[in-house]
1. Considering only residues that are loosely packed, with under 15 Cβ neighbours inside 10 Å and either modelled with pLDDT of 85 or more or in a strand (DSSP E or B) (or both), which ones fall in the range 55-76?
2. Please give the strands (runs of 3 or more DSSP E) falling wholly within the range 242-299 in which 1 or more residues are out of contact with any helix residue (DSSP H, G or I) (no Cβ under 6 Å at 6 or more places or on another chain) and surrounded by 16 or more Cβ atoms within 10 Å (Cβ to Cβ).
3. Would you point out which residue out of 191, 103 is in contact (Cβ under 8 Å) with a residue 60 or more places away in the chain and touching a helix residue (DSSP H, G or I) at 6+ places or on another chain (Cβ under 9 Å)?
4. Have a look at 150, 130, 134 and point out the one that is more than 30 Å from residue 408 (Cβ to Cβ), at pLDDT 85 or above and surrounded by 14 or more Cβ atoms within 10 Å (Cβ to Cβ).
5. Please go through the range 141-150 and pick out each residue that is in contact with a helix residue (DSSP H, G or I) (Cβ under 6 Å, 6 or more places away or on another chain) and touching a residue at least 60 places away in the same chain (Cβ under 8 Å).
6. Out of the residues in the range 414-448 that are in contact with a helix residue (DSSP H, G or I) (Cβ under 8 Å, 6 or more places away or on another chain) and in contact (Cβ under 8 Å) with a residue 40 or more places away in the chain, state the one that is farthest from residue 11 (Cα to Cα).
7. Regarding residue 434, is this residue closer than 26 Å to residue 288 by Cα and either surrounded by 13 or more Cβ atoms within 10 Å (Cβ to Cβ) or at pLDDT 85 or above (or both)?
8. Those residues that are assigned to a loop (DSSP other than H, G, I, E, B) and either more than 17 Å from residue 313 (Cα to Cα) or touching a residue at least 60 places away in the same chain (Cβ under 8 Å) (or both), I need them from the range 335-352; list them, please.
(Lines give C-alpha, C1' and ligand atoms only; values in the text may rest on other atoms or scores of the structure.)
Protein backbone atom coordinates (compact mmCIF):
# COMPACT_ATOMS: atom_id res chain seq x y z
CA UNK A 1 0.00 0.00 0.00
CA UNK A 2 1.45 3.39 -1.04
CA UNK A 3 1.36 6.01 1.75
CA UNK A 4 -0.36 9.23 0.86
CA UNK A 5 0.37 12.74 2.05
CA UNK A 6 -1.96 15.68 2.32
CA UNK A 7 -1.78 18.21 -0.51
CA UNK A 8 0.11 21.34 0.45
CA UNK A 9 -2.22 24.28 1.02
CA UNK A 10 -0.22 27.53 0.96
CA UNK A 11 -1.05 30.23 3.53
CA UNK A 12 -3.47 32.88 2.25
CA UNK A 13 -0.71 35.50 2.00
CA UNK A 14 1.08 33.47 -0.70
CA UNK A 15 -1.90 33.11 -3.01
CA UNK A 16 -2.91 36.71 -3.61
CA UNK A 17 -1.40 39.60 -5.54
CA UNK A 18 -4.09 42.00 -4.34
CA UNK A 19 -2.59 45.36 -3.32
CA UNK A 20 -5.66 46.68 -1.54
CA UNK A 21 -5.32 47.49 2.15
CA UNK A 22 -6.49 44.80 4.55
CA UNK A 23 -7.95 46.04 7.82
CA UNK A 24 -5.66 44.56 10.47
CA UNK A 25 -8.53 44.41 12.95
CA UNK A 26 -11.09 42.82 10.65
CA UNK A 27 -10.47 39.29 11.87
CA UNK A 28 -8.77 38.43 15.12
CA UNK A 29 -7.30 35.10 16.07
CA UNK A 30 -9.69 32.53 17.49
CA UNK A 31 -9.15 29.96 20.23
CA UNK A 32 -11.97 27.44 19.60
CA UNK A 33 -11.73 25.56 22.88
CA UNK A 34 -13.10 28.15 25.32
CA UNK A 35 -14.93 31.46 24.87
CA UNK A 36 -13.08 34.54 26.12
CA UNK A 37 -15.60 35.09 28.90
CA UNK A 38 -16.36 31.38 29.41
CA UNK A 39 -16.00 29.54 32.71
CA UNK A 40 -13.81 26.55 33.43
CA UNK A 41 -15.88 23.52 34.34
CA UNK A 42 -15.42 19.84 35.12
CA UNK A 43 -15.85 17.66 32.04
CA UNK A 44 -14.82 20.29 29.47
CA UNK A 45 -12.98 18.59 26.58
CA UNK A 46 -9.97 19.87 24.62
CA UNK A 47 -8.28 18.49 21.53
CA UNK A 48 -4.80 18.59 23.04
CA UNK A 49 -2.76 19.61 26.06
CA UNK A 50 -1.82 22.81 24.21
CA UNK A 51 -5.48 23.76 23.71
CA UNK A 52 -6.25 22.99 27.35
CA UNK A 53 -3.36 25.10 28.62
CA UNK A 54 -4.26 28.03 26.36
CA UNK A 55 -7.88 27.98 27.49
CA UNK A 56 -6.85 28.00 31.16
CA UNK A 57 -4.45 30.86 30.54
CA UNK A 58 -7.09 32.80 28.62
CA UNK A 59 -9.60 32.36 31.45
CA UNK A 60 -7.16 33.80 34.00
CA UNK A 61 -6.07 36.64 31.71
CA UNK A 62 -9.70 37.70 31.30
CA UNK A 63 -10.49 37.56 35.02
CA UNK A 64 -8.65 40.50 36.54
CA UNK A 65 -6.31 39.62 39.38
CA UNK A 66 -6.53 35.81 39.09
CA UNK A 67 -3.36 33.78 38.59
CA UNK A 68 -2.08 30.25 39.14
CA UNK A 69 1.10 28.22 39.33
CA UNK A 70 1.87 24.73 38.03
CA UNK A 71 2.14 21.95 40.60
CA UNK A 72 2.73 19.20 38.05
CA UNK A 73 2.80 19.00 34.27
CA UNK A 74 3.76 16.02 32.13
CA UNK A 75 2.55 14.28 28.98
CA UNK A 76 -0.64 12.96 30.62
CA UNK A 77 -1.62 15.38 33.40
CA UNK A 78 -1.74 19.03 34.46
CA UNK A 79 -2.15 20.04 38.13
CA UNK A 80 -2.55 23.70 39.08
CA UNK A 81 -3.13 25.80 42.18
CA UNK A 82 -3.64 29.51 42.91
CA UNK A 83 -0.62 31.73 43.58
CA UNK A 84 -2.40 33.01 46.70
CA UNK A 85 -1.80 30.50 49.56
CA UNK A 86 -5.22 31.10 51.17
CA UNK A 87 -7.14 30.49 47.91
CA UNK A 88 -8.80 27.10 47.39
CA UNK A 89 -8.37 27.04 43.58
CA UNK A 90 -7.20 23.64 42.32
CA UNK A 91 -7.45 22.25 38.79
CA UNK A 92 -6.51 18.89 37.35
CA UNK A 93 -6.76 17.98 33.67
CA UNK A 94 -5.59 14.79 32.05
CA UNK A 95 -5.51 12.89 28.78
CA UNK A 96 -8.39 10.45 28.23
CA UNK A 97 -7.39 7.78 25.73
CA UNK A 98 -10.95 6.44 25.57
CA UNK A 99 -12.05 9.85 24.29
CA UNK A 100 -9.62 9.81 21.38
CA UNK A 101 -6.72 11.20 23.45
CA UNK A 102 -8.66 14.32 24.28
CA UNK A 103 -7.84 16.30 27.39
CA UNK A 104 -10.54 16.69 30.04
CA UNK A 105 -10.83 18.81 33.19
CA UNK A 106 -11.40 16.21 35.90
CA UNK A 107 -11.12 18.26 39.09
CA UNK A 108 -11.87 21.92 39.70
CA UNK A 109 -12.20 24.08 42.80
CA UNK A 110 -12.97 27.73 42.05
CA UNK A 111 -10.93 30.75 43.09
CA UNK A 112 -11.91 32.22 46.46
CA UNK A 113 -9.33 35.03 46.33
CA UNK A 114 -9.40 38.58 45.04
CA UNK A 115 -6.50 40.83 44.17
CA UNK A 116 -6.23 44.59 44.44
CA UNK A 117 -3.04 44.67 42.37
CA UNK A 118 -3.48 46.42 39.01
CA UNK A 119 -1.03 45.69 36.22
CA UNK A 120 -0.73 46.65 32.57
CA UNK A 121 0.50 43.14 31.73
CA UNK A 122 -0.42 39.65 32.91
CA UNK A 123 2.07 36.95 33.85
CA UNK A 124 0.15 34.32 31.89
CA UNK A 125 -0.12 36.51 28.77
CA UNK A 126 3.14 35.15 27.39
CA UNK A 127 4.42 34.97 23.82
CA UNK A 128 2.76 31.57 23.26
CA UNK A 129 -0.71 32.93 24.03
CA UNK A 130 -0.08 36.00 21.89
CA UNK A 131 1.26 33.77 19.09
CA UNK A 132 -1.98 31.78 18.97
CA UNK A 133 -4.03 34.97 19.04
CA UNK A 134 -2.25 36.63 16.10
CA UNK A 135 -1.80 33.68 13.74
CA UNK A 136 -4.63 34.75 11.45
CA UNK A 137 -3.16 38.25 11.26
CA UNK A 138 0.35 37.01 10.49
CA UNK A 139 -0.92 34.52 7.90
CA UNK A 140 -2.60 37.35 5.99
CA UNK A 141 0.28 39.78 6.37
CA UNK A 142 3.67 38.60 7.71
CA UNK A 143 4.87 42.22 7.66
CA UNK A 144 2.32 43.32 10.28
CA UNK A 145 3.87 45.89 12.60
CA UNK A 146 4.59 44.98 16.23
CA UNK A 147 2.68 48.08 17.37
CA UNK A 148 -0.45 46.73 15.67
CA UNK A 149 0.00 43.42 17.49
CA UNK A 150 0.24 45.30 20.81
CA UNK A 151 -2.95 47.20 19.94
CA UNK A 152 -4.71 43.93 19.03
CA UNK A 153 -3.71 42.36 22.37
CA UNK A 154 -4.89 45.45 24.23
CA UNK A 155 -8.28 45.28 22.52
CA UNK A 156 -8.69 41.53 22.94
CA UNK A 157 -7.32 40.97 26.46
CA UNK A 158 -7.38 44.48 27.97
CA UNK A 159 -3.66 44.27 28.75
CA UNK A 160 -0.73 46.17 27.22
CA UNK A 161 2.06 43.72 26.48
CA UNK A 162 5.69 44.71 25.96
CA UNK A 163 7.21 45.32 22.53
CA UNK A 164 9.72 42.50 23.06
CA UNK A 165 7.03 39.97 23.97
CA UNK A 166 4.91 40.93 20.94
CA UNK A 167 7.97 40.71 18.65
CA UNK A 168 8.83 37.23 19.95
CA UNK A 169 5.20 36.15 19.48
CA UNK A 170 5.19 37.41 15.87
CA UNK A 171 8.32 35.42 15.03
CA UNK A 172 6.87 32.31 16.67
CA UNK A 173 3.73 32.70 14.57
CA UNK A 174 5.79 33.10 11.38
CA UNK A 175 7.73 29.95 12.23
CA UNK A 176 4.59 27.92 12.97
CA UNK A 177 2.85 29.04 9.77
CA UNK A 178 5.73 29.28 7.29
CA UNK A 179 8.37 26.93 8.70
CA UNK A 180 11.51 26.93 10.84
CA UNK A 181 14.28 29.36 9.83
CA UNK A 182 17.14 26.84 9.92
CA UNK A 183 15.18 23.91 8.47
CA UNK A 184 14.07 26.16 5.62
CA UNK A 185 17.64 26.36 4.28
CA UNK A 186 17.83 22.55 4.32
CA UNK A 187 14.54 22.25 2.45
CA UNK A 188 15.44 24.85 -0.21
CA UNK A 189 17.53 22.60 -2.55
CA UNK A 190 14.80 19.92 -2.61
CA UNK A 191 12.12 22.53 -3.30
CA UNK A 192 14.15 24.00 -6.17
CA UNK A 193 14.62 20.55 -7.72
CA UNK A 194 10.86 19.96 -7.49
CA UNK A 195 10.24 23.39 -9.04
CA UNK A 196 12.41 22.63 -12.06
CA UNK A 197 10.98 19.12 -12.37
CA UNK A 198 7.36 20.25 -12.58
CA UNK A 199 8.09 23.62 -14.26
CA UNK A 200 10.56 22.77 -17.04
CA UNK A 201 12.76 25.58 -18.38
CA UNK A 202 12.59 27.44 -15.07
CA UNK A 203 16.09 28.78 -14.38
CA UNK A 204 17.64 28.36 -10.93
CA UNK A 205 21.18 29.02 -9.76
CA UNK A 206 22.20 28.69 -6.11
CA UNK A 207 25.67 29.32 -4.72
CA UNK A 208 27.01 28.16 -1.36
CA UNK A 209 30.15 28.56 0.73
CA UNK A 210 32.16 25.59 1.95
CA UNK A 211 31.51 25.06 5.68
CA UNK A 212 34.46 24.84 8.08
CA UNK A 213 34.67 23.97 11.77
CA UNK A 214 36.23 26.06 14.56
CA UNK A 215 39.70 24.70 13.69
CA UNK A 216 39.44 25.63 10.03
CA UNK A 217 38.80 22.08 8.81
CA UNK A 218 36.54 21.77 5.76
CA UNK A 219 33.21 20.04 6.42
CA UNK A 220 32.65 18.33 3.09
CA UNK A 221 29.06 17.32 3.81
CA UNK A 222 27.91 20.83 4.75
CA UNK A 223 27.49 24.11 2.89
CA UNK A 224 26.51 27.66 3.83
CA UNK A 225 23.97 29.52 1.72
CA UNK A 226 25.46 32.44 -0.26
CA UNK A 227 22.99 33.61 -2.92
CA UNK A 228 20.20 32.44 -5.18
CA UNK A 229 18.74 33.39 -8.58
CA UNK A 230 15.45 32.12 -10.02
CA UNK A 231 13.25 32.93 -13.02
CA UNK A 232 10.04 31.07 -13.86
CA UNK A 233 9.49 29.80 -17.40
CA UNK A 234 6.34 31.90 -18.11
CA UNK A 235 8.24 35.04 -17.06
CA UNK A 236 11.13 34.21 -19.38
CA UNK A 237 8.81 33.52 -22.32
CA UNK A 238 6.66 36.58 -21.69
CA UNK A 239 9.56 39.03 -21.51
CA UNK A 240 10.03 39.08 -25.30
CA UNK A 241 6.56 40.66 -25.62
CA UNK A 242 7.41 43.49 -23.21
CA UNK A 243 8.96 46.89 -23.80
CA UNK A 244 12.79 46.65 -23.97
CA UNK A 245 13.12 48.20 -20.52
CA UNK A 246 14.12 46.34 -17.34
CA UNK A 247 13.92 47.85 -13.87
CA UNK A 248 15.93 46.28 -11.07
CA UNK A 249 15.39 47.14 -7.44
CA UNK A 250 16.02 45.49 -4.11
CA UNK A 251 14.58 45.40 -0.63
CA UNK A 252 16.05 44.28 2.69
CA UNK A 253 15.04 40.97 4.24
CA UNK A 254 13.63 41.44 7.75
CA UNK A 255 13.58 37.88 9.05
CA UNK A 256 16.03 36.09 11.33
CA UNK A 257 18.71 36.06 8.62
CA UNK A 258 19.47 39.21 6.65
CA UNK A 259 20.12 39.82 2.97
CA UNK A 260 18.50 41.53 0.00
CA UNK A 261 15.70 40.41 -2.30
CA UNK A 262 16.29 41.68 -5.86
CA UNK A 263 13.56 41.84 -8.50
CA UNK A 264 13.82 42.50 -12.24
CA UNK A 265 10.58 43.88 -13.68
CA UNK A 266 9.33 44.93 -17.13
CA UNK A 267 6.10 46.31 -18.59
CA UNK A 268 3.90 44.82 -21.29
CA UNK A 269 2.20 46.65 -24.15
CA UNK A 270 -0.81 47.52 -22.02
CA UNK A 271 1.31 49.09 -19.29
CA UNK A 272 0.90 46.10 -16.97
CA UNK A 273 3.74 45.18 -14.62
CA UNK A 274 5.54 42.00 -15.71
CA UNK A 275 7.96 40.32 -13.25
CA UNK A 276 10.97 38.66 -14.88
CA UNK A 277 13.38 37.28 -12.28
CA UNK A 278 14.31 37.24 -8.59
CA UNK A 279 17.49 36.91 -6.56
CA UNK A 280 18.58 36.80 -2.93
CA UNK A 281 21.99 38.38 -2.47
CA UNK A 282 24.13 39.88 0.28
CA UNK A 283 24.36 43.44 -1.10
CA UNK A 284 21.95 45.22 -3.42
CA UNK A 285 24.17 47.81 -5.12
CA UNK A 286 27.25 45.65 -5.62
CA UNK A 287 25.16 42.75 -6.94
CA UNK A 288 23.35 44.91 -9.48
CA UNK A 289 26.60 46.50 -10.67
CA UNK A 290 28.40 43.16 -10.99
CA UNK A 291 25.47 41.81 -13.01
CA UNK A 292 25.38 44.52 -15.66
CA UNK A 293 29.20 44.71 -15.87
CA UNK A 294 29.50 40.99 -16.60
CA UNK A 295 30.36 40.67 -20.34
CA UNK A 296 28.75 37.22 -20.53
CA UNK A 297 25.17 38.25 -19.73
CA UNK A 298 24.48 40.66 -22.61
CA UNK A 299 23.74 43.74 -20.49
CA UNK A 300 26.85 45.81 -21.23
CA UNK A 301 26.46 49.51 -22.00
CA UNK A 302 26.43 49.72 -25.05
CA UNK A 303 24.41 48.16 -26.61
CA UNK A 304 22.21 48.37 -23.50
CA UNK A 305 21.73 51.68 -21.70
CA UNK A 306 22.05 51.87 -17.92
CA UNK A 307 20.06 54.79 -16.51
CA UNK A 308 19.08 56.23 -13.13
CA UNK A 309 15.74 56.79 -11.42
CA UNK A 310 14.85 60.52 -11.46
CA UNK A 311 13.14 60.31 -8.07
CA UNK A 312 16.32 58.93 -6.49
CA UNK A 313 18.37 61.69 -8.15
CA UNK A 314 16.00 64.28 -6.69
CA UNK A 315 16.15 62.64 -3.23
CA UNK A 316 19.96 62.67 -3.27
CA UNK A 317 19.85 66.34 -4.31
CA UNK A 318 17.45 67.18 -1.49
CA UNK A 319 19.61 65.45 1.11
CA UNK A 320 22.60 67.57 0.05
CA UNK A 321 21.00 70.98 -0.54
CA UNK A 322 17.84 70.88 1.64
CA UNK A 323 15.89 72.96 -0.89
CA UNK A 324 12.46 71.64 -1.91
CA UNK A 325 11.93 74.27 -4.62
CA UNK A 326 15.20 73.37 -6.34
CA UNK A 327 14.38 69.68 -5.92
CA UNK A 328 11.25 70.27 -8.04
CA UNK A 329 13.39 71.96 -10.69
CA UNK A 330 15.72 68.93 -10.76
CA UNK A 331 12.70 66.68 -11.32
CA UNK A 332 11.43 69.01 -14.06
CA UNK A 333 14.87 68.89 -15.66
CA UNK A 334 14.76 65.09 -15.74
CA UNK A 335 11.26 64.95 -17.23
CA UNK A 336 11.82 67.70 -19.83
CA UNK A 337 10.86 66.35 -23.26
CA UNK A 338 13.31 68.49 -25.26
CA UNK A 339 16.72 69.99 -24.67
CA UNK A 340 15.63 73.62 -24.70
CA UNK A 341 13.21 72.94 -21.83
CA UNK A 342 15.95 71.08 -19.98
CA UNK A 343 18.32 74.03 -20.33
CA UNK A 344 15.63 76.35 -18.98
CA UNK A 345 15.28 74.32 -15.77
CA UNK A 346 19.09 73.95 -15.52
CA UNK A 347 19.35 77.75 -15.72
CA UNK A 348 16.78 78.20 -12.95
CA UNK A 349 18.80 75.88 -10.69
CA UNK A 350 22.08 77.68 -11.47
CA UNK A 351 20.63 81.13 -10.81
CA UNK A 352 19.49 80.06 -7.35
CA UNK A 353 22.55 78.01 -6.36
CA UNK A 354 25.77 77.71 -8.39
CA UNK A 355 26.95 74.66 -6.45
CA UNK A 356 23.62 72.91 -7.10
CA UNK A 357 24.03 73.62 -10.83
CA UNK A 358 27.48 72.06 -10.81
CA UNK A 359 26.07 69.08 -8.88
CA UNK A 360 23.50 68.24 -11.58
CA UNK A 361 26.12 68.82 -14.31
CA UNK A 362 28.28 66.08 -12.80
CA UNK A 363 25.63 63.46 -13.62
CA UNK A 364 25.79 62.40 -17.31
CA UNK A 365 22.57 63.66 -18.87
CA UNK A 366 21.84 60.52 -20.90
CA UNK A 367 21.75 58.66 -17.55
CA UNK A 368 18.84 60.57 -16.03
CA UNK A 369 17.15 63.03 -18.42
CA UNK A 370 14.46 62.24 -20.94
CA UNK A 371 15.71 64.87 -23.40
CA UNK A 372 19.03 63.01 -23.85
CA UNK A 373 17.91 59.37 -23.63
CA UNK A 374 17.27 58.92 -27.40
CA UNK A 375 13.93 57.32 -26.55
CA UNK A 376 15.53 54.26 -24.92
CA UNK A 377 13.74 54.78 -21.60
CA UNK A 378 10.28 54.54 -23.22
CA UNK A 379 9.15 57.27 -20.84
CA UNK A 380 10.10 55.32 -17.69
CA UNK A 381 11.76 57.91 -15.48
CA UNK A 382 11.45 56.08 -12.13
CA UNK A 383 11.69 52.52 -10.78
CA UNK A 384 7.98 52.45 -9.96
CA UNK A 385 7.48 49.06 -11.65
CA UNK A 386 10.03 47.32 -9.44
CA UNK A 387 8.81 49.16 -6.36
CA UNK A 388 5.25 48.03 -7.08
CA UNK A 389 6.48 44.42 -7.08
CA UNK A 390 8.28 45.21 -3.83
CA UNK A 391 4.93 46.10 -2.29
CA UNK A 392 3.38 42.84 -3.54
CA UNK A 393 6.18 40.89 -1.85
CA UNK A 394 6.33 43.12 1.21
CA UNK A 395 5.33 40.32 3.57
CA UNK A 396 7.71 37.81 1.97
CA UNK A 397 10.67 39.78 3.32
CA UNK A 398 9.77 38.51 6.81
CA UNK A 399 9.67 34.81 5.87
CA UNK A 400 12.11 31.88 6.04
CA UNK A 401 13.91 31.47 2.72
CA UNK A 402 11.97 28.52 1.28
CA UNK A 403 8.66 30.19 2.15
CA UNK A 404 9.93 33.39 0.51
CA UNK A 405 10.75 31.61 -2.77
CA UNK A 406 7.50 29.67 -2.43
CA UNK A 407 5.51 32.88 -2.13
CA UNK A 408 6.92 34.23 -5.41
CA UNK A 409 5.75 31.03 -7.11
CA UNK A 410 2.21 31.06 -5.74
CA UNK A 411 1.77 34.80 -6.21
CA UNK A 412 2.82 34.56 -9.84
CA UNK A 413 0.44 31.62 -10.36
CA UNK A 414 -2.34 33.90 -9.11
CA UNK A 415 -0.94 36.72 -11.28
CA UNK A 416 -0.91 34.69 -14.52
CA UNK A 417 -4.28 33.02 -13.91
CA UNK A 418 -5.97 36.40 -13.44
CA UNK A 419 -4.25 37.84 -16.52
CA UNK A 420 -5.20 34.81 -18.59
CA UNK A 421 -8.89 35.13 -17.71
CA UNK A 422 -8.87 38.85 -18.43
CA UNK A 423 -7.21 38.59 -21.84
CA UNK A 424 -9.25 35.56 -22.87
CA UNK A 425 -12.31 37.78 -22.61
CA UNK A 426 -10.58 40.49 -24.65
CA UNK A 427 -9.41 38.13 -27.41
CA UNK A 428 -12.76 36.36 -27.64
CA UNK A 429 -14.43 39.73 -28.15
CA UNK A 430 -12.47 40.21 -31.37
CA UNK A 431 -10.31 43.08 -30.04
CA UNK A 432 -6.95 43.09 -31.85
CA UNK A 433 -5.03 45.74 -29.91
CA UNK A 434 -4.35 46.40 -26.25
CA UNK A 435 -6.76 48.63 -24.38
CA UNK A 436 -4.21 51.42 -24.03
CA UNK A 437 -3.45 51.68 -27.74
CA UNK A 438 -7.06 51.18 -28.76
CA UNK A 439 -7.95 54.27 -26.69
CA UNK A 440 -5.03 56.13 -28.28
CA UNK A 441 -6.28 55.16 -31.75
CA UNK A 442 -9.80 56.45 -30.95
CA UNK A 443 -8.29 59.69 -29.60
CA UNK A 444 -6.18 60.25 -32.72
CA UNK A 445 -9.15 59.55 -35.01
CA UNK A 446 -11.19 62.04 -33.02
CA UNK A 447 -8.45 64.70 -33.23
CA UNK A 448 -7.82 64.25 -36.96
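1. Within the range 55-76, 69, 70, 71, 72, 73, 74, 75, 76 qualify.
2. Details: elements: 247-252, 260-267, 273-281.
Here the list reads 260-267, 273-281.
3. Values: 103 fails: in contact (Cβ under 8 Å) with a residue 60 or more places away in the chain.
Every option except 191 fails the conditions.
4. Working: 130 fails: more than 30 Å from residue 408 (Cβ to Cβ); 134 fails: more than 30 Å from residue 408 (Cβ to Cβ).
After ruling out the rest, the residue left standing is 150.
5. Initially, the range 141-150 is screened for residues in contact with a helix residue (DSSP H, G or I) (Cβ under 6 Å, 6 or more places away or on another chain), giving 141-144, 146, 149-150.
The answer is 141, 142, 143, 144.
6. Step one: of the range 414-448, the residues in contact with a helix residue (DSSP H, G or I) (Cβ under 8 Å, 6 or more places away or on another chain) are 414, 416, 426, 431, 433, 435.
Those left that are additionally in contact (Cβ under 8 Å) with a residue 40 or more places away in the chain: 414, 416, 435.
Details: 414: 13, 416: 19, 435: 34 Å.
Within the range 414-448, the match that is farthest from residue 11 (Cα to Cα) is 435.
7. Working: closer than 26 Å to residue 288 by Cα: no; either surrounded by 13 or more Cβ atoms within 10 Å (Cβ to Cβ) or at pLDDT 85 or above (or both): yes.
Here the answer is no, as residue 434 does not meet what is asked.
8. Going through the range 335-352, the residues assigned to a loop (DSSP other than H, G, I, E, B) turn out to be 336-338.
Residues satisfying the conditions are 337, 338.
The values are calculated or read from the model by the stated rules, or taken from the named source; none is laboratory data. These numbers were taken from a predicted model, which means no experiment stands behind them. Note that each Cβ is placed from the backbone with ideal geometry, even for glycine, and that neighbours are counted across all protein chains shown.
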